[in-house]
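Structure first, commentary second.
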């Protein structure tokens with residue numbers, strides 16, 4: 001689902017930037033994109049992304065490298 005949404009957003013952005021249809025078509029596209037941006041799913045996704053970034057920022061500032069609170073990442077191979 002994420003890939004489809006990303007593909008759709010990329011296509012819309014590319015079309016918007018590359019269109020030769022003129023100002024009228026640009027205004028139509030911007031109106032639709034404005035409605036999409038203000039929709040409930042987009043608002044929820046934006047809030048969820050903001051929360052994830054805030055949580056990651058807090059963990060980073062606290063010095064934690066992972067969810068377990070370790071100060072140093074584990075190594076897959078022990079070094080001599």
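The values are calculated or read from the model by the stated rules, or taken from the named source; none is laboratory data. Computed from a predicted structure; not experimentally measured. Because the Cβ atoms are built from the backbone with ideal geometry, glycine has one as well, and the counts that use them run over all protein chains shown.
Listing for the model above:
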{"read-out": "Which numbered condition residue 14 misses (of (1) at pLDDT 80 or above; (2) surrounded by 10 or more Cβ atoms within 10 Å (Cβ to Cβ))", "value": "(1)"}
{"read-out": "Qualifying residue in the range 40-61 (condition: over 19 Å from the mean Cα position of the chain (by Cα), exposed (fewer than 10 other Cβ atoms within 10 Å of the Cβ), part of a helix (DSSP H, G or I) and at pLDDT below 90)", "value": "yes"}
{"read-out": "Meets criteria (surrounded by fewer than 10 Cβ atoms within 10 Å (Cβ to Cβ) and either over 17 Å from the mean Cα position of the chain (by Cα) or not in a helix (DSSP H, G or I) (or both)) for residue 25", "value": "no"}
